[in-house]
Amino acid sequence: PKNSEGLKKALLNSEFKPEKWMLPDLTDNPISQLNLAIVGHVDSGKSTLSGRLLHLFGRISQKEFHRNEKEAKQQGKGSFAYAWALDESVEERERGITMTVGVAYFSTKRYKVVLLDSPGHRDFVPNMISGATQADAAILVIDASMGSFEAGIDVNGGQTREHAQLIRSFGVDQIIIAVNKMDVVGYSKDRFETIKKQLGTFLRSCGFKDSSVLWIPISTIENQNLVSDPSDERLSWSRGLCLIDAIDSLQPPPRELSKPLVMPICDVIKATSQGQVSACGKLETGALRSGYKVLLMPSREIATVRSLERDSEACKVARAGDNVTVSLQGIEGNRVTAGGVLCHPDFPIAVANHLELKILVLDTPTPILIGSQLECHIHHAKEAARVVKIVALLDPKTGNVSKKSPRILLAKQNAIVEVILQEMICVEDYSSCRALGRVSLRSSGRTVALGVVSRVIVANEFGC
Ligand code: GDP
């Protein structure tokens with residue numbers, strides 16, 4: 001196949017036959033990356049838990065931790081010491097809530113975990129969504145204390161509910177339920193079972209399978225059942241699977257090796273003196289090795305891989321899931337740009353400027369109308385976009401069409417819209433390639449809507 005339909009078919013049906021060198025041997029880099037979102041009602045303990053995990057396994061130094069702790073104490077917020085490990089801006093610290101999707105890293109026996117922390121504050125649900133679209137699995141944190149769990153699953157405004165529905169709608173199907181603050185309820189097994197029963201029923205209604213839900217009682221503050229069996233006798237009924245074991249028991253995200261190469265370029269390095277150019281990015285599918293020919297889209301030029309670097313070390317082969325720097329030869333430096341995509345010469349990616357999107361409008365004061373001018377971000381590409389059609393409003397709970405052709409979109413509404421971009425970009429629909437089908441729409445430096453590409457309407461068939 002020499003057109004983007006070929007790539008789409010190969011992405012969906014694995015018709016692509018990988019060559020032998022693409023497949024990993026057993027000695028090769030067995031640790032996978034796992035993108036893990038942390039979600040849950042405000043104050044359930046998400047930041048404290050993220051901070052703990054980072055402190056125990058992660059890339060935050062003792063010194064940095066003590067500095068956070070000291071600063072927190074000075075402001076009379078001692079318990080936020082861990083939370084601060086993730087909160088970045090002073091403004092967030094003063095308000096004591098996490099506003100951005102904090103990204104942090106730690107390693108377990110099995111995984112390099114990328115933690116996508118998300119705020120529980122009502123207004124910040126949108127940030128949670130951008131975490132959820134990237135997640136392979138999620139930890140849903142529950143506050144076990146009397147009244148708090150109940151508030152979280154309340155039909156009116158319970159974020160436990162809302163978050164569980166949202167992550168499921170973005171295709172996350174593995175979930176760990178961390179029933180936190182068990183210290184507050186005296187580590188009561190009855191309380192844990194009540195929560196499990198009620199929430200379990202709800203999770204089933206969202207489409208989670210019982211076998212993909214893991215229930216772990218913990219106390220983040222008292223460090224119970226996080227990394228080893230509980231030391232507190234009152235939690236002795238829950239031995240055998242602590243939180244970190246639960247994380248290690250998750251299924252690794254599929255490393256899509258038996259698919260053609262797709263690598264969105266996030267950055268370009270030019271060494272002008274030697275006229276060398278390198279593209280940096282993550283391989284979403286397929287594999288690469290030195291000497292391999294790649295097709296650079298959207299410029300449609302062929303280049304050869306001179307060398308590869310992973311984790312700042314030279315390597316011969318890179319595969320789906322790896323973050324790499326690819327040094328290219330046989331191409332003009334100025335043809336390689338962030339927002340472009342490296343692909344297999346026989347499987348060019350679709351290039352299009354007319355897209356159908358499924359979006360959620362965020363808390364924005366300005367409504368979205370037909371004709372609205374926005375900035376469209378898809379993988380690392382950024383392009384001016386005009387809304388040309390509002391196809392339908394969607395019911396947030398069922399996803400069904402609730403109104404056809406509305407004239408206006410307001411905050412918190414779900415909808416299907418069509419946009420036309422000023423220039424062509426590399427894009428695939430979300431169902432065939434998640435990484436190339438996530439979209440955010442911005443205006444005056446603010447994100448106004450988030451969603452996915454539901455259809456590429458006019459794909460320009462380069463490479464035919
Ligand atoms: P977030 O809004 O979900 O990020 O919640 P935070 O991590 O900011 O925690 C909210 C409050 O709950 C803070 O005062 C924490 O100290 C407290 N907290 C977190 N985990 C526990 C726990 O296991 N036990 C108790 N008693 N308090 C906790």
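The values are calculated or read from the model by the stated rules, or taken from the named source; none is laboratory data. Keep in mind it's a predicted model, so treat the numbers as computed, not measured. Heads up, the Cβs are rebuilt from the backbone with ideal geometry, glycines too, and the neighbour counts pull from every protein chain shown. Keep in mind that these areas ignore ligands, DNA and RNA; they rest on the heavy atoms of the full protein, side chains included. Shrake-Rupley method; radii C 1.70, N 1.55, O 1.52, S 1.80 Å.
One way to sum up the overall shape of segment 348-464 is the equivalent ellipsoid from its Cα gyration tensor, whose semi-axes run 23, 15, 13 Å, largest first.
If the segment from Lys112 to Arg234 were pulled out straight at 0.36 nm per residue, it would be longer than the present Cα-Cα gap by 40.7 nm. Enclosing the Cα atoms of segment 242-371 in their convex hull gives a volume equal to 202 cubic angstrom per residue.
So for segment 215-270, considering every pair of alpha-carbon atoms, how many percent are separated by more than 18 Å? Here the long-distance tail beyond 18 Å is 54 percent of all Cα pairs in segment 215-270. Full extension of the chain between Cys206 and Glu19 gives 63.3 nm of extra length, using 0.36 nm per residue less the Cα-Cα distance.
Across all directions, the average flat footprint of the convex hull enclosing the Cα atoms of segment 179-300 is 13.3 nm².
In a reduced charge model with +1 at each Lys and Arg Cβ and -1 at each Asp and Glu Cβ, segment 280-336 shows a dipole moment near 200 debye about its Cα centre.
A simple count of charges around Gly445, restricted to other residues whose Cβ falls under 13 Å of its Cβ and scoring Lys, Arg +1 and Asp, Glu -1, yields +2. Taking 0.36 nm per residue of separation and subtracting the Cα-Cα distance, full extension of the segment from Lys316 to Lys404 would add 26.4 nm. Count neighbours as other Cβ atoms within 10 Å of each site's Cβ, and list the trypsin sites (Lys or Arg not before Pro) in segment 181-217 that are DSSP loop with at most 13 such neighbours. For trypsin sites (Lys or Arg not before Pro) across segment 181-217 that sit outside H, G, I, E and B with at most 13 neighbouring Cβ atoms in 10 Å, the list reads Lys209. In segment 231-372, the portion of solvent-accessible area held by carbon and sulfur atoms comes to 46 percent [1.4 Å probe, whole percent, DNA, RNA and ligands not counted]. Summing charges over neighbours of Phe192, with a neighbour being any other residue whose Cβ is under 13 Å away from its Cβ, gives +2 when K and R count +1 and D and E count -1.
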